[in-house]
Structures are given as C-alpha cells and as structure tokens.
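Trainee: Structure provided below as structure tokens; questions to follow.
No lab work stands behind these numbers, since they all come straight from the coordinates. Being a predicted model, the structure only gives us computed values, none of them experimental. In this analysis, Cβ positions are derived from the backbone assuming ideal geometry, glycine residues included, and neighbour counts consider all displayed protein chains.
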Amino acid sequence: MSAARREVRVAPTRCASRERAPTSSRWTSAPISTRSTIPLARPEDLDETVARIEQLGRRVAATQTDVRDATAVAAAIDGGVAELGGLDIVVANAGIAMYDAADTMSEQSWRDMIDTNLTGVWTICRGAIPHMIDGGRGGAMVLIGSVAAHVGMLHLSH
C-alpha cells in the first residue's frame, strides 16, 4: 500500500480517536486520464476509513468526490455539515505526481496535475470557508504540499 493511500485513512482516524467531534472523510477516486506515480485512493480505502472511525464510536459522513469538480465538492461539504452539524478543521490533501520532463510532458498530464493538485485544493477551501465563517468559532485549514515545492526533483517538472 502506498504512503499516499495510507495517509488518507490515518489522518481522519487519528482525528476521530483524539477528538469527540464527528469526522467527515472525502476524496477523489475518479479516473485521471494520465498515469500517476502515486496510486489513487480506491473505494475500498474509503470503506476502511469509515469502518475505523465507526469502531472508535464516532460518526462519519463519507463520500467519493472528485476534487476537480467544484460543484460536487461544495455539495459534499454542504452535506457533511448538514449531517454532522459544523466544520472546524479542513485537511486538503489532493495530489497526483507524474515524473515527466517538461519538454516531453503531454498537455493532458499538465492539466490533470493542475486540476488535481492546485484546483482541487482550492475547491476544498472554497467549499469549506463559508461554513467555517458561519460557524462563528474559527477553525483550521491544513493544506498538504509536496517536498518538490522545496527541493528540485529530476523529471518532476510540475
């Protein structure tokens, strides 16, 4: 199992085990037209996350939502807030990686990466911010990035 797929289960489970608050877990498992060197989350991963959280006696609202679809992300967040009663913490961990040289990378690979890694994180924040403001309690947003933002990597041109 990849570290990326493991992380989508570990973070929500840790939050649920330490807090008394319900948990909402969502991520994309929609097909990406280009290959990703990071295995994408599968429906089974979401099912396992839900089971782990429920074993802790916590409630969870879980959906498969493509982070590239702002309307679907907003609807998923709205549904989770309606079901669980609020939103205090957001962890945006959308990302794919493809090792391609800039001069040989396809336009589709570039679009898939931008739509997931950049636009996907924005759609999560955009959908969550109104709920955090309306809640009147503040909150926290954690945006997960890549080490490639700090260190040059061979053939990781995006």
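Trainee: In what sequence, highest mean first, do 121-128, 86-93, 97-104 appear when ranked by Cβ atoms within 10 angstrom?
Mentor: The peptides rank, most packed first, as 121-128, 86-93, 97-104.
Trainee: Something else now. In debye to the nearest 20, how big a dipole does segment 80-158 give about its Cα centre with +1 on each Lys and Arg Cβ and -1 on each Asp and Glu Cβ?
Mentor: On the way: 3 positive and 8 negative charges, 49 e Å.
Dipole of segment 80-158, to the nearest 20 debye: 240 debye.
Trainee: What's the exposure ranking of Ser109, Ser146, going from fewest to most Cβ atoms within 10 Å? Working shown, then result.
Mentor: Values: Ser109 20, Ser146 13.
Least to most surrounded, the residues fall as Ser146, Ser109.
Trainee: Same structure, new question: Work out the length of the dipole vector of segment 37-130 about its Cα centre, built from +1 on the beta-carbon of each Lys and Arg and -1 on the beta-carbon of each Asp and Glu, and round it to the nearest 20 debye. Write out the running numbers ahead of the final one.
Mentor: Details: 7 positive and 15 negative charges, 65 e Å.
Using only the charged Cβ atoms, the result is roughly 300 debye.
Trainee: By how many nm would the segment from His150 to Ala51 grow when fully extended, if each residue of separation counts as 0.36 nm and the alpha-carbon distance is taken off? Could you put the intermediate results ahead of the total?
Mentor: Details: separation 99, 0.36 × 99 = 35.64 nm, distance 3.57 nm.
Extending this stretch completely gives an extra 32.1 nm.
Trainee: So how do His131, His150 line up by other beta-carbon neighbours within 10 Å, fewest first? Don't jump to the answer; show the numbers that get you there.
Mentor: On the way: His131 19, His150 8.
Fewest-to-most Cβ neighbours within 10 Å comes out as His150, His131.
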